[in-house]
Amino acid sequence: MLRAAATAGFPARLAATRPWAATAAATRVGVAGAEARSPLFRAVRCGRVPVPVKRVCFCSDDASGSGSEAEAAEGAEAEGGEAGEGENASSAIAPASLRPEDCHTVIALPLLQRPLFPGFYMPVYVKAFLVPTAYIALYFPQDPKLLQALVENSKRSGPYAGAFLVKDDEGTDPNIVSNSESESSIHDLKGKELLKRLHDVGTLAQITRIQGDLVVLVGRHRVRITDMVAEDPLTVKIDHLKELPYDKDDDVIKATSFEVISTLRDVLKSNSLWKDQVQTYTQHMGDFNYPRLADFGAAISGANKLLCQEVLEELDVCKRLKLTLELVKKELEISKLQESIAKTIEEKITGEQRRYLLNALLKAIKKELGLETDDKTALSEKFRERIEAKKDKCPPDVLQVIEEELTKLQLLEASSSEFSVTRNYLDWLTVLPWGDYSDENFDVHHAQCILDEDHYGLADVKERILEFIAVGKLRGSSQGKIICLSGPPGVGKTSIGRSIARALSRKFYRFSVGGLADVAEIKGHRRTYVGAMPGKMVQCLKSVGTANPLVLIDEIDKLGRGHWGDPASALLELLDPEQNANFLDHYLDVPIDLSKVLFVCTANVIEMIPSPLLDRMEIISIAGYITDEKIHIARDYLEKNTREASGIKPGQVEVTDDALLALIENYCREAGVRNLQKHIEKIYRKIALKLVRQGVSNDPTRDITIMEANEKPASFDVATKLEDKNSNNSQAEDVSVNLNPSDSSLENINAVFLTTASEIVDKSVEKVVVNESNLGDFVGKPLFQAERIYDQTPVGVVMGLAWNSMGGSTLYIETAKVEEREGKGMLVVTGQLGDVMKESAQIAHTVSRAVLQEKEPNNPFFAKSKLHLHVPAGATPKDGPSAGCTMITSMLSLAMGKSVKKDLAMTGEVTLTGRVLPIGGVWFLHFFFASSLVGIYMICVNTLYCFSFEISGSHVSSK
Ligand SMILES: Nc1ncnc2c1ncn2[C@@H]1O[C@H](COP(=O)(O)OP(=O)(O)OP(=O)(O)O)[C@@H](O)[C@H]1O
């Protein structure tokens, strides 16, 4: 098997990619002084063509004919001797007795990778077994017979063989390194088949040594195969080829050779690898001549084998030089590319290294100058500084924990995960406002002002808050209390919480517990968890920076029921004044005093608040607003805020009282004012668009522009302008006309002018008026229609009151007689009534009968009449017992033939004995009905009434 001679000291990689390099390494001899001796090397290094000097050449030189055979043999022996130093001397080849020119029959050696050039060495291995690695099977087939024949042949007739490049299989890319498969296939070929695969032109190679399976060849001159003599090993007849005669002084040849040398020199400059090779080769090159230069260039280039074979086959020296020039030029390009790649990579590496070094240097310098300590020390110092300021107020056990953690921090590796856990823990511990309380303001008048400033009405609520402040003033400190504001959405619970904080000069923090299911949100995670965080209360203290803030816990009635513990119980610990002086957060692991925190909770429905929590709270109910209050809130608070927020000036818009009333009655009937606020915002957005479309800009810079225009010394025809401004409102900027620099009373004129200009700006805008008639343009069609369907309620029809999701509404209860006959007394009900309401209707029927019996004992109406009771809006399901008294009144009205007052509505459950039960949420209904239907009275309040009915004139009503 065949192996490249990648000898020690020469990288195998290089041997694989540049066979000539491997050759050089295998044949390296002492090169000291070679550079100085070699004319070609000097030529290449200096860029000048040296004068050809006759000298003894290492190998035969057919082209120049210089050097005797004896000398060549001597050189070969010297080489062989040196290379084989310390090895078996019997393996050395005896000096050739036969002159190369006399050698006409040679063993043909197939070369797979590159042709052998005259004057160059090529080591080959001839092995009897297959080496599976393609990369070392470079030059020679494995063939025991061949090796034997070569040895015998060299002893018998002379140490010569023919080295011929193998042709590629058809369709094979010559640029792709052949694999061991194709190599092994060539070794299977014998005789003519092998001959067919060889290039005709090759090199007569002198076998300088055979040592074991290593055969060292040196190229002598070109030969051509003429015939086959023997098949195994393949022996061929050859013709000796000589270069065509050429003129040494021919300009083209000279110029081409100069260019080759100059290119070689350039390559040499950029490629240090080449320098080595050139040194090695040039010392054995012998005299300089053109054909040798061409061979040299081609041989050391990394060109593919076909291009090299082309050079080998070319006998015209000038053409050969040109071919070589192409190859070395390509080599130069590759060399440049190599250089740039190397440079880029080097830059990248050195850039990073440089930055690293500079950073390290900078750190060291800063440390040396005391400008910066290392990370750990800096951190510790930061934490110590923070806690130093609070040392007096901070509880001793907390100080001890901090100290321990700081010591631990110093011992930990900065890159360890525990370091970051400790650092975060210390960060939280030191940032909390230990014992840091804000000064409270117990001025009742001041608080009253603030509460009135922020909210209209709510007298009870404000009174309760003032009481709380008064107690705080007398005690000297306000105790941590839990106030719970309950009421429908949008009645101002959250905003009152904010106002209380402002009134007391406490910091305000709000968090919602609606849907909160994880106890860790309140109590924090244990520090051992990845990404652990303290609970909401600790976060609150960090964010407000004082230990006595007002904390608003929103939507407490919507607290979730968690899988990870019970949030309600956790909240209990937080809110309970008995427990919260030592509130323990899982993350912080040291007790925090929350007893000075004022907790305000909000809830829509207090029934939904867990009872242990409710037990500890002081409930303040906010019922909702009646129409009158809503108008005030809308006018004085919502409209004002919205106008400012939308950048509209007060003079540019007017929303009439009618419009506000219509808005409240037909669009925003709910208890709160959030929806009303949204509608007002909608109106103002539309007005803003309208104003901008009219070309209005409330940008203050426009006024300044006008003022600047007036600062010029100029006179102004005020009378004319005043006339003009009324006739043309869009000319605010055109006021600097009729300027007369000679006018003496400029100041006065300018003053008038400024007033005029601002008036023009104001007057140029058409005021937008929103009234009842155009309200629909701003907020769309009304959502609610008037519920009154009778101007005068007929006999058997009574207005009732009902509760719904919007708060409440009125509904009519109608009773009609279907037929009257003896024994037909019965009741039919319709109107999607639920079971409770149906039962209520039956009760009403019985009670009515009893009442009529009592009032008009002779009236047989109920005994004889089949009645139909209907509650209109049949598509809406209705249920509940509270329509009892309304139904009785309706039936009695029919029975007695007397109508009910038109402005009378009622509600209340009636027992079978005729007693009216208290109604839940009467206050609620009161507000709605009083706000929506003027003149309707409620007859049932929270006290227990005995049912009676009154007939006044032609009317009937219950009492
Ligand atoms: N009496 C009032 N005077 C002035 N503005 C009020 C009044 N009541 C409510 N508002 C305003 O109504 C808006 C809604 O109030 P807020 O958000 O406090 O309602 P809420 O009761 O907390 O509602 P929810 O239960 O949905 O949280 C706020 O802009 C608030 O300023």
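The values are calculated or read from the model by the stated rules, or taken from the named source; none is laboratory data. Treat the numbers as computed from the prediction; the structure is a model and nothing was measured. Quick reminder, even Gly has a Cβ in these numbers, built from the backbone with ideal geometry, and neighbours come from all protein chains shown. The accessibility values were calculated without ligands, DNA or RNA, using every heavy atom of the protein model including side chains. Shrake-Rupley method; radii C 1.70, N 1.55, O 1.52, S 1.80 Å.
Comparing Cα centroids, the range 478-541 and the range 855-913 end up 50 angstrom apart. Legend: residue pairs Lys393/Lys558; Lys649/Lys682; Lys391/Lys507, Cα-Cα distance threshold 28 Å; pairs beyond threshold, Lys393/Lys558. Taken along the Cα-to-beta-carbon direction at a fixed 7 Å, the label points for Asp452 and Asn359 span 6.4 nm. Take the alpha carbon gyration tensor of the range 444-621, find the square roots of its eigenvalues, order them as a ≥ b ≥ c, and report rounded if a/c is under 1.5; if not, report prolate when a/b exceeds b/c, else oblate. Prolate, because a/c is 1.5 or more and a/b exceeds b/c. Between Asp375 and Leu474, the FRET efficiency from the beta-carbon distance, with R0 = 41 Å, is close to 0.20. For the range 293-347 and the range 225-274, what is the centre-to-centre distance using only Cα atoms, to the nearest Å? The range 293-347 and the range 225-274 have Cα centres spaced 13 Å from each other.
Sorting Val798, Val229, Val851 by solvent-accessible area of protein heavy atoms yields Val229, Val851, Val798, largest first, with a 1.4 Å probe. Accessible area per residue was computed with a 1.4 Å probe on protein heavy atoms; His199 scores about 30 Å². Take Ser646: with every protein chain present and a 1.4 Å probe, its accessible area is about 40 Å². Compared with the alpha-carbon gap, the fully stretched path from Lys864 to Asp397 is longer by 159.3 nm at 0.36 nm per residue. If r is the Cβ-Cβ distance from Glu339 to Lys319 and R0 is 25 Å, what FRET efficiency results, to the nearest 0.05? After rounding to 0.05, the efficiency reads 0.25. Under the convention that each Lys and Arg Cβ holds +1 and each Asp and Glu Cβ holds -1, the size of the dipole of the range 411-455 around its Cα centre is about 400 debye. With the simple model of a label 7 Å out from the Cα in the direction of the Cβ, Glu347 to Ser773 spans 7.9 nm. On the beta carbon distance between Asp188 and Leu306, with R0 = 25 Å, the FRET formula returns roughly 0.60. If the segment from Val828 to Asp443 were pulled out straight at 0.36 nm per residue, it would be longer than the present Cα-Cα gap by 132.1 nm.
Relative contact order, whole percent, for the range 444-621 stands at 30, derived from Cα pairs under 8 Å and 6 or more residues apart.
Thr494 exposes around 40 Å² of accessible area when a 1.4 Å probe is run over every protein chain in place. Were the residues from Gln579 through Ala850 laid out at 0.36 nm apart, the gain over their Cα-Cα distance would be 91.6 nm. The range 595-614 and the range 819-843 have their alpha-carbon centroids 44 Å apart. Across the cross-link table entries Lys269/Lys329; Lys864/Lys902; Lys678/Lys878; Lys855/Lys902; Lys155/Lys196; Lys167/Lys190, which are compared at the Cα atoms, the separations over 20 Å belong to Lys864/Lys902; Lys678/Lys878; Lys855/Lys902; Lys155/Lys196. Largest accessible area first, the residues Ser257, Ser595 order themselves as Ser595, Ser257 under a 1.4 Å probe with ligands, DNA and RNA left out. Protein heavy-atom accessible surface, 1.4 Å probe, per residue over the range 555-675: 42 Å². Counting only protein heavy atoms and a probe of 1.4 Å, the accessible surface of the range 470-514 is 52% carbon and sulfur. Site pair Ala414 and Ala875 shows an inter-label distance of 7.3 nm when each label is modelled 7 Å from Cα along Cα→Cβ.
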